């Protein structure tokens with residue numbers, strides 16, 4: 001069975017004719033991560049609160065340091081260069097992603113687009129406000145066309161293709177705060193495990209699980225991003 005990558009979840013809207021529009025909008029805080037197993041390093045750029053194009057603070061592993069960006073027509077816009085032509089900004093766009101309503105603190109997950117697609121990347125935004133994504137919780141993003149599911153401590157949840165699933169705090173743990181964590185995909189009428197392991201669940205961390213495939217994959221893979229409780233940055 002060939003499992004395809006889902007791109008509709010990651011496609012944002014390129015709205016407006018200029019990435020430098022002078023709309024009155026508040027800056028939002030983002031922390032980003034690039035998930036590209038083939039090309040794990042990339043230089044990407046965003047507009048800072050003043051409108052200047054600055055480098056995105058990507059790290060080798062995990063979410064970047066917090067920084068603020070100026071939304072453009074309700075979306076976060078990534079550029080592939082610092083020197084953006086203000087008369088032709090679309091030529092430098094690497095990805096766009098619409099901001100969830102009223103979100104001010106966001107995790108941004110960046111992925112390569114299909115080969116030869118434009119823009120070159122896709123992105124997903126997760127509202128990381130503690131009132132929405134509390135410490136101890138997890139999020140699972142199924143980037144594939146496969147029906148998948150998880151068993152995480154006491155939780156058993158379906159993971160629909162192209163969707164983000166909220167996972168509550170795991171309370172069924174042993175004396176070391178460990179819980180069995182299994183991921184399955186459906187092949188015909190049979191649920192097949194593709195990851196089975198024990199993980200430690202603590203109130204001080206959050207996890208984002210990415211279910212993805214590589215070209216020619218016959219089963220999904222899962223990557224885990226562990227997020228320690230970040231400091232809250234003051235508004236610019």
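Side notes on the structure shown:
- Between segment 130-202 and segment 98-125, the Cα center-to-center distance that results, in Å: 22
- Pairwise label distance in nanometres, residue 131 with residue 85, each label 7 Å out on the Cα-Cβ vector: 4.4
- Choice from 75, 204, 145 showing the highest fluctuation, given a GNM over the chain with Cα pairs closer than 10 Å: 204
- Listed residues 143, 59, 210, most fluctuating in the chain (Gaussian network, C-alpha, under 10 Å): 59
- Here residue 187 and residue 226 are evaluated by their C-beta separation; at R0 = 41 Å the FRET efficiency comes out at 0.90.
- Per-selection Kirkwood Rh - the chain (Cα, Å, 1 d.p.): 18.7
- Projecting label points 7 angstrom from Cα along Cα→Cβ for residue 36 and residue 61 puts them 2.1 nm apart.
- Residue exposure proxy: 121, 176, ordered by other Cβ atoms within 10 angstrom of their Cβ from fewest to most, comes out as 176, 121.
- Once the chain from residue 197 to residue 164 is taken as fully extended at 0.36 nm per residue, the excess over their C-alpha distance is 9.8 nm.
- Relative pair counts by distance (%), Cα atoms of segment 49-187, 5 Å bins: 2, 8, 14, 18, 18, 15, 11, 7, 5, 2, 1, 0, 0
- Backbone N within segment 150-166 under 17 Å of label point (7 Å from residue 174 Cα along the Cβ vector): 152-154
- Ascending count of other beta-carbon atoms within 10 Å, so fewest first, for 122, 65: 65, 122
- All alpha carbon pair distances within segment 8-127 were sorted into 5 Å bins beginning at 0; the resulting P(r) in whole percents reads 2, 12, 24, 28, 21, 10, 3, 0.
- q = 0.25 Å⁻¹, segment 138-228: log10 I(q)/I(0) [Debye, one scatterer per Cα]: -1.37
Every number in this text was worked out from the coordinates using simple rules, so none of it is lab data. Just so you know, these numbers come straight off a predicted model, no measurement behind them. As a convention, Cβ positions derive from the backbone with ideal geometry for all residues, glycine included, and neighbour counts pool all protein chains shown.
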